[in-house]
Amino acid sequence: TNSSDDGKTKQNGTDGSGIDPNRSNNDQKIKNLFESVPDDVRVHRGFNNAVFQNDGFSTVLDCIISTRIGGNCSNNSTIAKRDNSNILATDLPSENYQLYTTGHSLGAADSMLLGAALHLAFPIELIQSINFGCPKVGNLEWGSWMNQLQTDRGGTYNQSGRVISGGYEVFRFVNKIDLIPRLPELLFQHAGHTLQMSVGGEIEAYYDHFGNEDLGYAGVPFGWGAAPYALLPLAIASHPCSHYVNYLEYYRPGQNSTVQNDSLFFVREF
């Protein structure tokens with residue numbers, strides 16, 4: 001379950017695994033992004049490789065850096081300027097913007113890893129991962145480190161309302177007794193907030209999945225992880241992306257009479 005065979009790789013392939021060694025001299029800069037990740041953080045190798053192999057992360061990074069300096073993702077001449085820019089972007093971009101990552105199932109796990117990497121690359125940005133049917137991504141230390149990045153423990157704003165010290169926040173939607181968010185069982189831990197989609201349109205939000213007694217926030221109820229096994233066929237059938245889409249479409253405020261409060265749709269903060 002470690003993200004490299006030598007055991008030295010921290011979260012997101014910090015020893016360079018999955019990053020093309022023949023890329024430009026920014027390779028070392030990319031690797032340096034992950035030096036602040038605690039040594040005992042481990043993630044699932046398959047999820048890690050999906051994000052950091054085949055130049056995927058570098059491509060996304062190019063696009064964002066290009067946009068920050070006034071270009072766009074399809075402008076090769078602007079992207080080329082990245083070689084002369086500081087990959088640890090601490091300067092404010094010309095316009096305020098928001099970075100989101102999202103995905104379903106494997107894509108949800110990838111969105112969490114990508115969001116964490118982007119937070120390290122752009123520490124002043126406010127980044128959110130809003131994903132669906134996400135499996136557990138890493139170990140206990142991964143969960144603790146990720147939850148420390150949440151914006152309610154770090155994000156600050158200047159007088160004009162712009163983020164000057166960002167953070168990373170995760171919201172994971174779980175459709176009823178979907179089995180996949182309960183897996184893998186051993187040695188893996190959830191990170192971020194759990195948004196439990198229940199029958200009838202009610203979505204219950206659980207702070208950092210396990211809650212926080214000091215802050216007065218509840219965690220998932222007892223037996224949450226075991227619930228799917230009582231109705232395994234239904235649990236498996238709850239996972240397809242189309243079921244998540246249909247649920248959110250049906251209970252979207254203003255679309256159905258069962259929704260009582262049109263002002264409530266998505267949990268943004270605790």
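The values are calculated or read from the model by the stated rules, or taken from the named source; none is laboratory data. Note that this is a predicted model, so its numbers are computed, not measured. With ideal geometry, Cβ positions are generated from the backbone for all residues, glycine too; neighbour counts draw on all protein chains shown. The protein model used for the area step is the full one, side chains on, heavy atoms only, and it has no ligands, DNA or RNA in it. Shrake-Rupley method; radii C 1.70, N 1.55, O 1.52, S 1.80 Å.
List of remarks:
- Take the Cα of T59, step 7 Å toward its Cβ, do the same at L232, and the gap between the two points is 3.8 nm.
- Accessible surface of region 161-250, 1.4 Å probe, proportion on carbon and sulfur as whole %: 65 percent
- Around the amide H of I124, modelled in the peptide plane, lie the amide H atoms of G166, all under 5 Å away and 5 or more residues distant in sequence or on another chain.
- Take the Cα of S198, step 7 Å toward its Cβ, do the same at E185, and the gap between the two points is 2.6 nm.
- H44 - accessible surface, heavy atoms, 1.4 Å probe, Å² rounded to 10: 60 Å²
- Each of Y97 and V245 was given a label point 7 Å from its Cα along the Cα-to-Cβ line. The distance between the two points is 2.6 nm.
- The phi torsions of region 223-228, fed into the Karplus equation with coefficients 6.51, -1.76 and 1.60 and a -60° offset, translate into couplings of x, 4, x, 8, 3, x Hz, rounded to whole numbers, with Gly and Pro shown as x.
- Karplus-derived 3J(HN,Hα) values for region 121-137, using 6.51 cos²θ - 1.76 cosθ + 1.60 with θ = phi - 60°, are 6, 10, x, 8, 8, 9, 10, 10, 10, 10, 10, 9, x, 7, x, 5, 9 Hz; glycine and proline are entered as x.
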